[in-house]
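All remarks here apply to the structure that follows.
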Amino acid sequence: MKRLLGNYLGRVGGDYSDMRFERMERTRIEYRGHELLEAGSSVNQGFVLRILENGGFASACFTGVSDLDNAIKRAKECAQSMGSGGKMNAGLLVPPPVEDEIELCLKGDPRAVSLEEKKATLSSYNRIVMASKDMITASAVYEEVTRERYFINSAGTYVAEPLSTVSISIRMIAAGNGVLQNGRAVVGGSNGFERLLGREDVFLRKAEIVSRLLDARPVEAGTYNVVLNPEMTGVFIHEAFGHFSEADLIEHNPSLREKMTIDRRLGCELLTVCDDPTMPAQIGHYSYDDEGVAGRRVVLMQKGILRGRLHSMQTARSYGENLTGHAVAEDFRYAPIVRMGCIYVTPGDNEPSELLDGAGEGLYVLDSKGGQTSGENFTFGAQYGYLIRNGKPGEMVRDINLMGNLFETLFAVKGVGRDTAISEMGGCGKAQMNIRSAMGGPHILIKAVRAGGC
Amino acid sequence: MEKLLSMARGIADSAEVYYRETRETEIFFEDSSPSSINHSHRVGFALRIKKGERGGSSYCSEPKDPAELVRKAAVSLDAGAKAFFAFPGAHPADELETFDPEIEKLSDPQVINEIQRICAVLNGELKGKGQCNVSASYGELFLRIINTAGLDVSQKISFYKVSPQILFPNSQESLRLKQSATGFQSFPDSRLIDLARAYICGLPVLDAGPKGLDAIISPDAFHVLLWRLEAAASAASLCEGVSRLKGKMGQKIASDIFSLEDDARIKGNPQSRWFDDEGVPARSHPVIENGVFRGFFSNLDSASRLGLEPTGHGYRTAMWGGDPVSLKPVPTLAHCRVRPGSESLDEIIASTRRGVLIEGVLGAHSGNIPNGDFSVGLNPGLYIEKGKIRGRLRNTMFSGNIYPLFTRISSVGCSLYESERGMFPYIKVGDVL
């Protein structure tokens, strides 16, 4: 593969060029209710070519090798148009060349497990959910993606690293009291099929919660002291802060870039935040990013002070900062952009019960329903929550969406738990979908957060 | 494709081959300067086969080995997934003019010049008070579907899309416009100037004050409501027993002045289609007519389960994008259109004592979608008092349920604007924030 890609790249030229080839095998099984809706696997592949020439930086993605010459021509045209007519002046911080071939380290290679066994595993969890009280339907999905990635660049780097992710996700819907309530439970990771086995408790617990939501009332809109469970902490830090650690997001936004100056205090002393794609087993694990740069742990915030950010070769050059290995593409259809690998809040000193005590008449929110950010504003939803009474979770509430301002909320963190967990479900929709963006942390207490009910 | 179909016929009762090829160049300017350019040429094949009441599928980007694609579909078939539908037979071509040959002459420098012109117009109005970002893309899409029932349909589409955006300070909160056509079109200066003026009015940051605000929902923000309506009006939801609109056909569910249809055949729209991703003819489909719910929309699978004719809404889409070739067709409202009302946006604003113009939202995907609930952050929400925009609201949420909200629609704007899933006017709902 190295020789083949080298031959292709040799035809490109430019001040710098690189090429990534990916062969992606995907297996998907879905039950809807008790019925099998889909089961099968397919293979896709494609190339991503990038060229830097006279300040213009462009990419061309193509699926067939017969299209190589045209892709080179278009990439050069695009780079030239941006460099000359557009007055683009891009530069890249290209690391010293490296040659590496990484092998998957799996407990149970999912590709060696039969479709029947995968189906049986999914079906067993689906039956647990469907047999649960008030459940009217469920969408149970087994998803397995193996990306064989090969990267080469004109500076002499060649990296081959496959990535494997497996997950079982069940979206469940219960009905009663004239309403529908839903929830989702996920198990998954990057270290093999075995982690999906023996996880009945995860699905059973969530099915019970979804049933109980039918009797829960919507949370009253207002401002609360909130305690986030680890999954919510992960989404909070991903949305509220993580996106602004992605250098490309603020590179061309002078006002935000100024606010995100390194060594500036952005949060309270209790808050330390890191991103580490090399952390084993978690769903976002990789050794090299999609620019062939080694991923590494980055301390983004230390005791409330901004200490680092996530980079591609282009943004590292633009900021004059070190490479971090965070340029990631969804798959062969895209050039990489800066993405979080696995962002987390580091554990603090408090027991979760102390945080509940500290919340007063607050809100304990659990399990993510997704989030979104836009500059300094962010929202994130919870699957369920409890009103906190006398330091204990009390009445269950639903329809919880939290909203805040980055620069205010990070100062409002008043307690950080000593526990920690990384979510088994990845996901981030910045420009491309990234199912491998992991997040987590401990329980945390935040004062005065705006919550919207229905 | 024919060879693939022939091989598939050898192992199945019936089969379908779907082909999709796209060429696209995307150009991004941020802060009025070039930030990235990407070209792509993607080809994909998807195979679906049926044997008895079982179905199987596979896909690939380059079928160097068609036998392997057929073998994977056969393995999928053996897994035992049910497929009750029949592939549609040949139907008369009812083609649309969706291809402008001039697209092949459009060049990167021409698009870059247009982006620079847009930035110049906006910056001329903003005078340093805002940041302009502009994205543009152009290219071609070719689709073809053949099946063993004799269907052979294809469509060639050209597109040019541009979206100017002005960012508020310290933020990615923005006001934006979208325009698309089958060929190059210069963006009208008047719309850019209106955008810049609305932005300047929205610069002061305000608190909402007491409750009781009217909401004016923009075409961009309308997708929050559409997402939940689509979840209920989909025949797949009806099959699954999770539709809030079950048993509501012919019943009043919205204000008299509100009508929404899905029409894939709008002239001059590069999203227009004369068949869906299963080859079923596309046609206009009323969802809500003068406030009355008119019908579920379906793909082949959901229609067959309900014993109905498919409505031609089977598209290879998913909530978070994805490679269309890898997705199975699901019922989708891809070409929505709200019937325009009588008032201009200026008139709607002028008649509002206290309200908020919701130009964008955060968190549309959160909340209990099957139940119709939503709870979103305004991003931005422009505060209106005594008929004028006074600024934009800080940390404000908009929550509720679409069904009571639809009954309280008090005004529908007279102009339609392009958004993600169709053409929408500004819509006013009384006393909801």
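Charge dipole (Cα centre; +1 on Lys/Arg Cβ, -1 on Asp/Glu Cβ; no other charges) of the range A:1-65 amounts to roughly 240 debye. Neighbours of A:R309 by Cβ distance under 11 Å: Lys/Arg scored +1, Asp/Glu scored -1, total -3.
Under 25 Å of direct C-alpha separation, and excluding same-chain neighbours fewer than eight residues apart, B:K156 reaches these lysines: A:K73, B:K3, B:K64, B:K105, B:K178, B:K267, B:K328. Between B:A318 and B:E2, the contour length at 0.36 nm per residue exceeds the alpha carbon distance by 111.0 nm. In units of the rule-of-thumb radius 2.2 N^0.38 Å, the range B:283-433 shows an alpha carbon radius of gyration of 1.20. Charged side chains reduced to their Cβ positions (Lys and Arg at +1, Asp and Glu at -1) give chain B a dipole of some 1000 debye around its Cα centre. Karplus-derived 3J(HN,Hα) values for the range B:243-251, using 6.51 cos²θ - 1.76 cosθ + 1.60 with θ = phi - 60°, are 8, 6, 9, 4, x, 9, 4, x, 9 Hz; glycine and proline are entered as x. Shown for the range A:169-321 is the translational diffusion coefficient from the Stokes-Einstein equation, using the Kirkwood radius over Cα pairs, a temperature of 10 °C and a viscosity of 1.306 mPa s: 84 µm²/s. Per residue, the average separation of C-alpha pairs within less than 8 Å and at least 6 apart gives chain A a relative contact order of 16 percent. Charges were assigned to the Cβ only: +1 to each Lys and Arg, -1 to each Asp and Glu. The resulting dipole of the protein assembly as shown about its Cα centre is roughly 1060 debye.
With kT/(6 pi eta Rh) evaluated at 37 °C and eta = 0.692 mPa s, and Rh the Kirkwood radius from Cα pairs, the range B:1-60 diffuses with a coefficient of 232 µm²/s according to Stokes-Einstein. List the residues of the range B:263-283 whose backbone N lies under 12 Å from a point placed 7 Å from the Cα of B:A149 along the Cα-to-Cβ direction. Only B:278-281 fall inside the zone, counting backbone N under 12 Å. Counted over all Cα-Cα pairs of the protein assembly as shown, pairs farther apart than 46 Å make up 21 percent. Here the spin labels are modelled as points 7 Å beyond Cα on the Cα-Cβ line, and at A:D215 and B:D207 they lie 3.9 nm apart. Remark: the A:M1-A:E258 segment gains 88.1 nm on full extension, using 0.36 nm per residue and subtracting the alpha carbon distance.
Full extension from A:I136 to A:V65: what is 0.36 nm times the residue separation minus their Cα-Cα distance, to one decimal in nm?
Numbers: separation 71, 0.36 × 71 = 25.56 nm, distance 4.80 nm.
Answer, rounded to one decimal: 20.8 nm.
Counting only aspartates and glutamates at least 8 places from A:K87 when in the same chain, those with an alpha carbon closer than 19 Å to its own are A:D15, A:E53, A:E77, A:D248, A:E251, B:E26, B:E30, B:D31, B:D108, B:E114.
What net charge do the residues around A:L49 carry, taking every other residue with its C-beta under 14 Å from that of A:L49, with Lys and Arg at +1 and Asp and Glu at -1? Intermediate values should be presented prior to the final figure.
Numbers: positive: A:R11, A:R20, A:R50, A:K73, A:R74, A:K76, A:R333, B:R42; negative: A:D18, A:E22, A:E53, A:D67, A:D69, A:E77, A:D290, A:E291.
Once all neighbours under 14 Å are counted, the net charge is 0.
Between B:S33, A:G362, B:P204, the Cα set farthest toward the positive side of the dipole of the protein assembly as shown (charges on each charged residue's Cβ, about the Cα centre) is that of A:G362. Centroid-to-centroid, using Cα positions, the range A:303-347 and the range B:349-396 are 33 Å apart.
Indicate the gyration tensor shape class of the range B:81-235 (rounded, prolate or oblate), computed on the Cα atoms with a ≥ b ≥ c the square roots of the eigenvalues: a/c under 1.5 is rounded; otherwise a/b larger than b/c is prolate and the rest oblate. Intermediate values should be presented prior to the final figure.
Values: a/c = 3.53, a/b = 1.49, b/c = 2.38.
Oblate.
With θ taken as phi - 60° and the Karplus curve 6.51 cos²θ - 1.76 cosθ + 1.60 applied, the whole-hertz 3J(HN,Hα) list for the range A:23-33 is 10, 10, 10, 10, 10, 9, 10, 9, 9, 10, x Hz, x standing for glycine and proline.
In this label model, A:S124 and B:K388 are separated by 7.0 nm, measuring between points 7 Å along each Cα→Cβ vector. Annotation: amide H-H contacts under 5 Å for A:G284 (H modelled 1.01 Å from N, sequence separation of 5 or more, or interchain): A:A438. Placing a label point 7 Å from the Cα of A:D100 along the Cα-to-Cβ direction, the residues of the range A:270-303 whose backbone N falls under 13 Å of that point are A:277-279, A:286-297. Taken one residue at a time, the phi angles of the range A:179-185 give Karplus couplings (6.51, -1.76, 1.60, θ = phi - 60°) of 10, 10, 10, 9, x, 9, 10 Hz. Gly and Pro are set to x. If you wrap the Cα atoms of chain B in a convex hull and average its projected area over all directions, you get 21.1 nm². For the range A:194-271, the alpha carbon positions stretch 48, 42, 26 Å along the principal axes, listed from largest to smallest. Taking Cα atoms, how many degrees apart are the long axis of helix A:200-213 and the longest axis of chain A, rounded to 10 and kept between 0 and 90? Roughly 60 degrees, rounded to the nearest 10.
The convex hull built on the alpha-carbon positions of the range A:351-454 has an orientation-averaged projected area of 6.9 nm². With a Förster radius of 25 Å applied to the C-beta separation of B:D31 and A:R265, the computed FRET efficiency comes to 0.45. Comparing B:G55, A:L92, A:L68 along the charge dipole axis of the protein assembly as shown, the residue lying farthest to the positive side is B:G55, per the Cβ-charge model.
Placing pseudo-labels 7 Å out from each Cα toward the beta carbon at A:E395 and B:D346 gives an inter-label distance of 5.0 nm.
Let's test the formula: R0 of 51 Å, r as the Cβ-Cβ distance of B:D194 and A:N54. What FRET efficiency results, to the nearest 0.05?
Efficiency at R0 = 51 Å is approximately 0.85.
In this calculation the C-beta distance from B:S107 to B:K156 is compared with R0 = 22 Å, giving a FRET efficiency of 0.65.
Each Cα pair of chain A feeds into the Kirkwood radius, which the Stokes-Einstein equation turns, at 20 °C and 1.002 mPa s, into a diffusion coefficient of 92 µm²/s.
For B:S255, the amide hydrogen comes within under 5 Å of the amide hydrogens of B:T407, B:R408, B:I409, counting only partners 5 or more places away or on other chains and with H modelled in the peptide plane. When only alpha carbons are used to place a centre, the range A:386-454 and the range B:90-130 end up 41 Å from one another.
The angle between the Cα long axis of helix A:115-130 and the main principal axis of chain A comes to about 30°, on a 0 to 90 degree scale.
Please give me the summed charge of the neighbours of B:F29: other residues whose Cβ is under 15 Å from its Cβ, Lys and Arg +1, Asp and Glu -1. Walk me through the numbers on the way to the answer.
Numbers: positive: A:K87, B:R117, B:K161, B:R176; negative: A:D248, A:E251, B:E26, B:E30, B:D31, B:D108, B:E114.
Neighbourhood net charge equals -3.
Read-outs throughout are calculated quantities, based only on the coordinates presented, and are distinct from any laboratory measurement. Since the model is a prediction, treat every value here as computed from it, not as a measurement. Counting neighbours? That spans all protein chains shown, and the Cβs are built from the backbone with ideal geometry, glycine included.
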